[in-house]
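What follows is a single structure, written as structure tokens, with notes after it.
The values are calculated or read from the model by the stated rules, or taken from the named source; none is laboratory data. None of these values were measured; they are calculated from a predicted model. Reconstructed Cβ throughout: ideal geometry from the backbone, glycine too, with neighbour counts over all protein chains shown. To get the accessible areas, we keep the full protein, side chains included, count just its heavy atoms, and leave off ligands, DNA and RNA. Shrake-Rupley method; radii C 1.70, N 1.55, O 1.52, S 1.80 Å.
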Amino acid sequence: MTKLDSDALREIARVTLGHYDTQADAFRAGTWDHDVSQNLAALCDAIEGEPPFAILDFGCGPGRDLVALRALGHAPVGLDGSARFAEMARAASGCEVWQQDFLALDLPPARFDGVFANASLFHVPTQELPRVLAVLRASLRPRGVLFASNPHGRDAEGWQGERYGAWHTPESWRRLVEAAGFTLLREYFRPPGRPRAEQPWLATVWRKA
């Protein structure tokens with residue numbers, strides 16, 4: 001695939017975030033009741049030590065999972081590139097929420113026990129993923145945990161309407177995250193209880209190596 005230059009990367013961020021800003025209310029209405037308790041448990045069960053845990057909700061959207069994590073007694077912080085989502089998440093959860101472009105992250109080192117990247121990292125162009133994963137890894141405490149859930153595919157990326165995405169095979173995804181310094185703990189496909197052909201989401205749980 002042709003390497004994306006800085007102008008192309010800025011356009012990807014601008015258009016994708018613009019889509020979420022303008023569709024924020026509809027997105028909240030369509031996703032707020034989605035049950036991702038399986039994913040939250042997969043992250044929290046893998047974190048070592050005693051709760052409450054400091055967790056970064058990476059791509060927190062309108063704040064659904066921040067609300068759930070706080071209700072579980074943890075200390076979540078949200079991050080989203082969409083200004084509208086960040087505003088909505090603060091209002092819904094009462095949590096600290098950072099507005100940051102995924103391609104221009106500025107995270108404190110060794111701050112979090114876990115990173116919850118639910119349906120967010122697939123928006124990162126493949127060529128930028130090693131750098132983004134390195135920043136997330138640095139934000140984790142020793143032996144911290146990264147959870148990621150992404151739509152899997154055949155190693156294709158590009159525009160889907162006004163959103164840019166990358167659809168990795170499970171094998172390619174494992175190679176990318178392992179190369180960034182993580183050890184795979186668990187993987188499963190979602191939604192649960194359906195045939196594999198009807199499970200578009202790959203969930204993976206990783207330990208900071």
**Asked** Tally Lys/Arg at +1 and Asp/Glu at -1 over every other residue whose Cβ is under 15 Å from the Cβ of residue 204; what's the total?
**Response** +3
**Separation in nanometres of the label points that stand 7 Å from Cα toward Cβ, at residue 183 and residue 106** = 3.4
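I'd like to check one number: the per residue accessible area of the chain, probe 1.4 Å, reported in Å² as a whole number.
On the way: 9820 Å² over 209 residues.
Computed with neighbouring chains in place, this is 47 Å² per residue.
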**Prompt:** Rounded to a whole number, what % of the accessible area of the chain do carbon and sulfur atoms account for, probe 1.4 Å?
**Reply:** 52
**Request:** Rounded to whole Å and ordered largest first, report the semi-axes of the equivalent ellipsoid of the range 85-205 derived from its Cα gyration tensor (root of 5λ).
**Result:** 23, 18, 16
**Fill in**
Checking 96, 11, 87 against a Gaussian network model of the chain (alpha-carbon springs below 10 Å), the top fluctuating residue turns out to be 11
